[in-house]
Amino acid sequence: MKNIILFLLFTLFCNVSGQSRSFTFDFNPKKFIKENKLNKGGRKEIIFNLYDINGKETKYITTDRTSEALRKNEIYSFKGKSEDGTKLITLTIASGNLTGAYMENGISYFIEPLEKTCKKKYKIYINSGKDLQVGQPNDVIK
């Protein structure tokens, strides 16, 4: 009986720890570009109200790092951190899609469209590959 319980606990632990964590959310890049007048240019602070891996709404304060050449091609780049300072984030809007990643406590989380054809549903997930790091821990974000 003791062996059966140990086996069940071991199996349960392996299944839970082996599952990849992810969170799905809605975001409309086209609307975001329009509301924030990103096509106008200029380096400015941009606020992203997104989520973390646990589904907690998180405010990210970023700087628009888009060059004029990229802006002409409707590619936008942002770098910043969460309002509480615990997460470093890098985001890109290109071809009508949001992509990016953030780092929290040394763990990298990735943001991508849920499906290639869907431009309004996104997922945050942990990559199963080791030694991948995102964000710029040595950058000073002002």
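Only one of these conditions is not met by GLY135: (1) open to solvent by 30 Å² or more (accessible area, probe 1.4 Å); (2) modelled with pLDDT under 75. Which number is it?
With (1) open to solvent by 30 Å² or more (accessible area, probe 1.4 Å); (2) modelled with pLDDT under 75 applied to GLY135, the lone miss is (1).
To keep it simple, each residue is scored yes or no on (1) at pLDDT 95 or above; (2) open to solvent by less than 50 Å² (accessible area, probe 1.4 Å).
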{"position": "SER22", "(1), (2)": "no, no"}
{"position": "ILE33", "(1), (2)": "no, yes"}
{"position": "THR62", "(1), (2)": "yes, yes"}
{"position": "THR66", "(1), (2)": "no, yes"}
{"position": "ARG71", "(1), (2)": "no, yes"}
{"position": "SER82", "(1), (2)": "yes, yes"}
{"position": "THR99", "(1), (2)": "yes, no"}
{"position": "SER108", "(1), (2)": "no, yes"}
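May I ask you to list pairs of residues, at least six apart or on different chains, whose Cβ atoms are under 9 Å apart, with the first in the range 85-103 being closer than 19 Å to THR117 by Cβ and the second being of a type in the set (Gly, Ala, Ser) and surrounded by fewer than 21 Cβ atoms within 10 Å (Cβ to Cβ)?
Note: pairs meeting the criteria are THR92/SER77; ILE93/SER77; ALA94/SER77.
Could you please find all residues in the range 18-51 being of a type in the set (Lys, Arg) and either more than 14 Å from GLY80 (Cβ to Cβ) or out of contact with any Asp or Glu (no Cβ under 8 Å at 6 or more places or on another chain) (or both)?
The first filter runs over the range 18-51 and keeps only residues of a type in the set (Lys, Arg), leaving 21, 30-31, 34, 37, 40, 43-44.
Once the filter is applied, which keeps residues that are of a type in the set (Lys, Arg) and either more than 14 Å from GLY80 (Cβ to Cβ) or out of contact with any Asp or Glu (no Cβ under 8 Å at 6 or more places or on another chain) (or both), the range 18-51 yields ARG21, LYS30, LYS31, LYS34, LYS37, LYS40.
Could you tell me whether the range 43-51 includes any residue that is buried (at least 16 other Cβ atoms within 10 Å of the Cβ), under 22 Å from ASP26 (Cα atoms), of a type in the set (S, T, N, Q) and at pLDDT 95 or above?
Within the range 43-51, not a single residue is buried (at least 16 other Cβ atoms within 10 Å of the Cβ), under 22 Å from ASP26 (Cα atoms), of a type in the set (S, T, N, Q) and at pLDDT 95 or above.
The values are calculated or read from the model by the stated rules, or taken from the named source; none is laboratory data. Nothing here was measured: the structure is a model prediction, and the numbers come from that model. Backbone-built Cβ (ideal geometry, glycine too); neighbour counts: all protein chains shown. Each accessible area value is taken on the protein alone, full model and side chains, heavy atoms only, with ligands, DNA and RNA left out. Shrake-Rupley method; radii C 1.70, N 1.55, O 1.52, S 1.80 Å.
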